[in-house]
């Protein structure tokens, strides 16, 4: 899932050529198909399939063998009907000396044309309709095959995008690519490209970020808040925000505060699910012994021990603040916390180290539906909010709170 003209179709063409020929470079760590195979390659129309995927795999008409599939491996090319220079099937010599087949298809053919076959893998170039995606996926069941897609999310939070971003599964993965990752552009060219897009399309076309619901919670350009990592001065107060979880991840965010400019920096994150307080506490403490802000569900009691979650984490060595995360007036409203974060972002007083990809992913997906914040995949966002709410309790290495005295009282 990436912006326009960043190289996503090139990468998929290279991978398809590897599978069809069986010629994998030594550095390849992805899926491998050990024998000759059958594949479908498709995009929205026969024309777009011809002009993109077919061109990249074979080369231009009359120049077949100049694409990613080597000329000596192309055994035969079967032309399609109805569209000039469109190919229906290409026969490819596999490393096992048998034949692989790539069939070129389109979404406009309709779901019925995607039935019955058994396929080893499918490359969707551009986002398919949900019924085409599901039907294509079904074609790979018998072979234990796989599907990969390359697209810019111009359709917003569609059913297919929602499945990948909002329904985590070990069988699905999203590779993100931003225009800043496209090293074939200079910085000047990147800025020119971004500025050429309509404002409402920039996130999708430049950064590969889908439009979410009725709007992003933080309608802020990423370049405004993300900064290069640097060594945090020891004198800056620090605090950790912690969001409890089990089936959804337990998450933490580390916040440092430059008092001179009243700027906060998110410099580290943590997100792991289905682990015990002992495990989480050890992982969090290994990154520094700082005060930990936590939400109201930390007061819930464990059915076995009768202890609260807060006390369990404190027992395992975390410096849990005495009280749940609130503002100075004692309130703890979600919208108030969001408003404070947004105000800081807008005024340049909220920064995030740009290597924190998990923070960036949640930031991109954090959205509203019918005006209400969607509480999905927001674990690090919540941890960040708790830390910011309790910023007044942040401490540097030279200050401390007597936590042992508090918990032994």
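Below are the figures for this structure:
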item: Helix 8-21 axis, angle to the chain major axis (alpha carbon atoms, nearest 10°); result: 60
item: Acute angle (nearest 10 degrees) that the helix 187-196 long axis makes with the longest principal axis of the chain, alpha-carbon atoms; result: 80
item: Ranked 372, 137, criterion: other C-beta atoms within 10 Å, fewest first; result: 372, 137
item: Ratio of the Cα radius of gyration of the chain to 2.2 N^0.38 Å, where N counts its residues; result: 1.19
item: Mean residue ellipticity (222 nm) of the chain, computed from DSSP H runs ≥ 4 via -39,500 (n - 2.57), nearest 500; result: -7500 deg cm²/dmol
item: Choice from 354, 377, 141 showing the highest fluctuation, given a GNM over the chain with Cα pairs closer than 10 Å; result: 141
item: Share antiparallel - DSSP beta bridges, the range 88-206, percent rounded to 5; result: 50
item: Directionally averaged projected area (convex hull, Cα atoms, the range 225-407), nm²; result: 10.8
item: Rh by Kirkwood over Cα pairs, then Stokes-Einstein D for the range 8-175 at 0.890 mPa s and 25 °C, µm²/s; result: 151
item: Antiparallel content of DSSP bridges confined to the chain, in %, to 5; result: 55
item: Centre separation in Å (Cα based) which lies between the range 341-379 and the range 48-82; result: 43
item: Using alpha-carbon coordinates, inclination of helix 379-389 to the longest axis of the chain, degrees; result: 30
item: Euclidean distance between Cα centres, the range 122-174 to the range 236-301, Å; result: 33
item: Candidates 106, 283, 382, ranked by Gaussian network fluctuation over the chain, Cα under 10 Å, top entry; result: 283
item: DSSP bridge orientation in the range 8-175 - percent antiparallel, rounded to nearest 5; result: 40
item: At 1.306 mPa s and 10 °C, Stokes diffusion of the range 1-87 via Kirkwood alpha-carbon radius, µm² per second; result: 114
item: Mean separation of Cα contacts under 8 Å (6+ apart) over length of the chain, as relative contact order %; result: 15
item: Max mean-square fluctuation residue, GNM over the chain, Cα-Cα springs under 10 Å, options 40, 246, 254; result: 246
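Readers should treat all values here as calculations from the given coordinates under stated rules, not as data from a laboratory. The model shown is predicted, which means the values in this text are computed figures rather than measured ones. Neighbour counts are summed over all protein chains in view; Cβ atoms, including those assigned to glycine, are modelled from backbone coordinates with ideal geometry.
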